[in-house]
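The values are calculated or read from the model by the stated rules, or taken from the named source; none is laboratory data. What you are looking at is a predicted structure, and each value in this text was computed from that prediction instead of being measured. Every residue, glycine among them, receives a Cβ derived from its backbone with ideal geometry; neighbour counts consider all protein chains shown.
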């Protein structure tokens with residue numbers, strides 16, 4: 001009986017040691033992580049506003065001056081180009097045969113030109129008088145001068161300083177169109193305003 005009691009005590013110790021060993025192993029193992037699905041939840045905290053983008057550095061004084069000069073250069077280039085187009089936009093004035101009086105079409109062309117002359121007060125102009133091939137050289141030179149004078153007088157009456165204008169008559173020497181006949185002659189009876 002002693003042996004049986006001893007055997008029971010030994011078995012109890014063995015069972016207790018076994019149980020204690022399993023419990024120790026369980027404590028050593030890290031606790032199992034349970035994944036949490038948060039995709040359906042919204043944060044109660046508002047998301048921070050993104051900061052406005054700022055340049056890393058402000059432009060230097062030299063860079064600002066370079067930009068200003070470039071803008072000024074482009075503006076001046078544009079103004080020169082516009083002035084070139086306006087010079088080319090000056091209209092030719094046409095006259096009836098053996099006349100230096102201005103027609104209504106001639107007055108309209110001169111009004112257009114006078115506005116351009118006002119826009120560019122530094123322009124000095126030459127007003128050229130021309131004739132068709134009919135008539136003597138002396139007569140056509142005098143007629144061309146009267147035509148140029150009629151154009152100048154219109155400009156002066158419009159308020160343009162007469163000191164900015166010079167007159168020249170070419171008579172029949174510089175035809176705009178070569179040939180004969182009324183269609184050709186009509187194009188040669190003219191006054192031309194040229195910027196110098």
Legend entry - helices (runs of 4 or more DSSP H) (entirely within region 84-196) containing at least 2 residues that are surrounded by 15 or more Cβ atoms within 10 Å (Cβ to Cβ) and touching a helix residue (DSSP H, G or I) at 6+ places or on another chain (Cβ under 9 Å): 104-119, 137-158
Inset, instruction - From (1) at positive phi; (2) more than 41 Å from the chain's Cα centre (by Cα), pick out the condition that doesn't hold for residue 159. - result: (2)
Legend entry - Failed criterion for residue 98 (all others in (1) at negative phi; (2) over 30 Å from the mean Cα position of the chain (by Cα) hold): (1)
Inset, instruction - Would you mind stating whether residue 28 is out of contact with any helix residue (DSSP H, G or I) (no Cβ under 6 Å at 6 or more places or on another chain) and at pLDDT below 95? - result: yes
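Results for (1) touching a strand residue (DSSP E or B) at 6+ places or on another chain (Cβ under 8 Å); (2) over 15 Å from residue 96 (Cα atoms); (3) without any contact (Cβ under 8 Å) to a residue 24 or more places away in the chain, shown as yes or no for each residue.
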{"position": "107", "(1), (2), (3)": "no, no, no"}
{"position": "113", "(1), (2), (3)": "yes, yes, no"}
{"position": "124", "(1), (2), (3)": "yes, yes, no"}
{"position": "130", "(1), (2), (3)": "yes, no, no"}
{"position": "135", "(1), (2), (3)": "no, no, no"}
{"position": "152", "(1), (2), (3)": "yes, yes, no"}
{"position": "157", "(1), (2), (3)": "no, yes, yes"}
